[in-house]
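Structure first, then comments.
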């Protein structure tokens, strides 16, 4: 009995040490997490966080624009998210005359708030476990395709049977690699208006140099407002719409944080893969990430140089550059972090214990004995296709804008070939609108430089068996000069000529599709893509389907073989809770980081005229005068802090919430040493970065003079 107690105590202590790991389903907090969260300092109940019977924290959290998180911070629908989450909207309203990216934007009245067509936010109304319904008639011995057919059929039936209002939607998502399923009833609001944004010198302070880095001094926030119809229900944009009244909004704490304070991040994390086997992690770190990083090195070098040279380019390419650079730097940190923490070695140690337990149990040995060896075989078989997939995807799919445009317009050709010109008639205005948006921020002379640099990689590094013969012929005809080929392509193509495309669209679907089919650049990228589809993606997907089925079995096996281990589902874009504490970390030998930064650090980094580290004169004046209002702490103005919350992409804009349920900060990044947390979480160095809410209030009130927005919030002092 004593021995059993000691084992349970050791297990509990071990679990508590890893308490900061995990992205938990709000519905299950009472069952799985409430006791532990209270032990870490939380004063709320699980019902305060997630409830369908009354307003709770989840009613203040939204999926913002499909890829970020936001939170409601007033009874009038005022919404807080990151500056980088609202970047596209801020950019779309910016011109050289009214450069809101550079100078910031503040609506001093409701009439000045700016509509954003296409932007929406989504609330979660309730979550239900529908595993039994979705997996009805599914058996372990089923073929993957038969299993998927049953799952798809059952999923549609469960969605149809779900109780909901006419203005609500239903989605069902798999968890634990398809071993569990949850249903989400949602409400989406489509009238979202820009209320406030600091200048990029605050909202993007540090830009690429500081991205994924601590210490950080970035005021990464923006403000929007949700508008609804007169009945408070979702409605398309209308001047008659009124500010949304939420079931719950987050009070804002003025008391700040201290090291060791409980922190909770509530949001929509995008994607993690914590349960991958070691061959998958090794392939990513040693093979695929270097390909991605190398290609984006080339692209970013060109774009960065052009942005520094021309203020107009800086506006046009700001969002594109940020998108490219964000993943690029993340992949670098991910690879370094896995190696620094011996992530692959730890995976292998876990797998040895897994195999040992499996071998000791005849039933498990029969079911799971060959899983790990099958992973080794499949990942080795997939690797050459995975390499070409990354090369071609980065070159033809993501970094050369001309190719991206041609690939998008290929969908028009496909529809024309399938259904004829009549099917396209109604789409022509939308196609023209898409092209107008594309050309607004497109510079063909820059894209031509990127084309030349990246096509050099295509010809020299992609497996010859996966290259297009037509593309090779064009390269040879251009004297094997990537620059000359780029000149020829950009001279011949009409896809970089807005007026030519507009004229063809005006002439009707037949003329427009004929232009596309006869275009040199379209022919070139289609030849590259078709070879990839025929020789690369088919084989890659075939092997991946086997890996996916194996991963589903491996996930099930881990949960059976390690009953003492508490498992959390990988992130999949659904609402999650992660909790931890304000905490510094040991980055490397002799380097220990404190958990908070202050305005002094902004001034230490200040470089006059530098687009990454310039500081507005108004902010420097407030600093000189120490004019911090009620937002300072011991005479210093907090800017950012870090915590041990397990976050990922999609958590951008998530609220950092204190033990009482108040807003204390805004999540916007992770530290570079811990970016590998998507595949290899390590509590010693994985930290999320948050803007201190007091810095946000200071910028809104003292810097921008928009104190009416602060007055709209509910300010509290929970620490007394």
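Miscellaneous remarks
- Computed over the stretch 462-595, the convex hull of the alpha-carbon atoms projects to a mean area of 17.7 nm².
- Modelled label positions at residue 231 and residue 472, each set 7 Å beyond Cα in the direction of Cβ, lie 6.4 nm from each other.
- Remark: the residue 336-residue 286 segment gains 17.0 nm on full extension, using 0.36 nm per residue and subtracting the alpha carbon distance.
- Multiplying each eigenvalue of the alpha-carbon gyration tensor of the stretch 341-403 by 5 and taking the square root yields semi-axes of 37, 14, 8 Å, largest first, rounded to whole angstroms.
- Distance cut-off 17 Å, percentage of C-alpha pairs in the stretch 522-607 lying past it: 78 percent
- Taken over the stretch 668-720, the percentage of Cα pairs per 10 Å bin, counting from 0 up to the bin with the maximum distance, is 21, 31, 22, 23, 3.
- Taking all C-alpha pairs of the stretch 434-501, those more than 17 Å from each other amount to 48 percent.
- Extension gain, residue 356 back to residue 43 (0.36 nm per residue minus Cα-Cα distance, nm): 108.5 nm
- The order of 646, 248, 143, going from fewest to most other C-beta atoms within 10 Å of their C-beta, is 143, 248, 646.
- Virtual paramagnetic centre 7 Å along Cα→Cβ of residue 533, amide N under 12 Å, in the stretch 427-444: none
- Of the residues 25, 696, the one with the fewest other Cβ atoms within 10 Å heads the list, and the complete ranking is 25, 696.
- Over the stretch 232-276, the Kirkwood radius and the radius of gyration, each from Cα atoms, give a ratio Rg/Rh of 1.16.
- For 641, 512, 184, order by how many other beta-carbon atoms lie within 10 Å, fewest first: 184, 512, 641
- Calculated FRET value between residue 417 and residue 541, using beta carbons and R₀ = 22 Å, to 0.05: 0.40
- For the stretch 278-559, the relative contact order is 25 percent, taking Cα pairs closer than 8 Å that sit 6 or more residues apart in sequence and dividing their mean separation by the residue count.
- As computed over the stretch 278-559, the Cα convex hull volume per residue (Å³): 157 Å³
- If you plug the beta carbon distance of residue 54 and residue 565 into 1/(1 + (r/R0)^6) with R0 = 25 Å, you get a FRET efficiency near 0.15.
- Normalised convex hull volume, the stretch 651-691, alpha-carbon set, Å³ per residue: 76 Å³
- Percent RCO, i.e. relative contact order, over the chain, from Cα pairs under 8 Å lying at least 6 residues apart: 24 percent
- Simple label model, 7 Å out from Cα along Cβ direction - residue 148 to residue 460, nm: 3.8 nm
- On a per residue basis, the convex hull of the C-alpha atoms belonging to the stretch 419-466 measures out at 115 Å³.
- Rounded to the nearest 500, the helix-only mean residue ellipticity at 222 nm of the chain stands at -14000 deg cm²/dmol, with each DSSP H run of n ≥ 4 adding -39,500 (n - 2.57).
- Calculated on alpha-carbon atoms, Rg and Dmax of the chain in Å: 26.5, 86
- Fully extended contour minus Cα-Cα distance, from residue 95 to residue 548, at 0.36 nm per residue: 158.4 nm
- Span per principal axis, largest first, for the Cα atoms of the stretch 598-720 (Å): 45, 39, 26
- The calculated FRET efficiency for the pair residue 604 and residue 433, based on their C-beta separation and a Förster distance of 60 Å, comes to about 0.85.
- Listed peptides 412-420, 191-199, 484-492 appear in the order 191-199, 484-492, 412-420 once ranked by packing, highest mean of other Cβ atoms within 10 Å at the front.
- Shape of the stretch 175-241, Cα gyration tensor, a/c cut at 1.5: oblate
- Eigenvalues of the alpha-carbon gyration tensor of the stretch 385-499, scaled by 5 and square-rooted, set the equivalent ellipsoid semi-axes at 27, 18, 13 angstrom, largest first.
- Of the peptides 351-357, 685-691, the order by per-residue mean of other Cβ atoms within 10 Å, starting with the highest, comes out as 685-691, 351-357.
- Rounded, prolate or oblate (a/c below 1.5 giving rounded, otherwise prolate when a/b exceeds b/c) for the stretch 63-169 by Cα gyration tensor: prolate
- Computed over the stretch 17-58, the Cα gyration tensor eigenvalues convert (square root of 5λ each) into semi-axes of 19, 11, 8 Å, ordered from largest to smallest.
- Label zone at residue 110 (point 7 Å along Cα-to-Cβ), backbone N below 11 Å, the stretch 234-249: 240-245
Rule-based calculations on the coordinates, nothing more; no lab input. The shown structure was predicted, so the numbers you read here are calculated from the model rather than taken from an experiment. Glycine also receives a Cβ, built like all others from the backbone with ideal geometry; neighbour counts cover every protein chain displayed.
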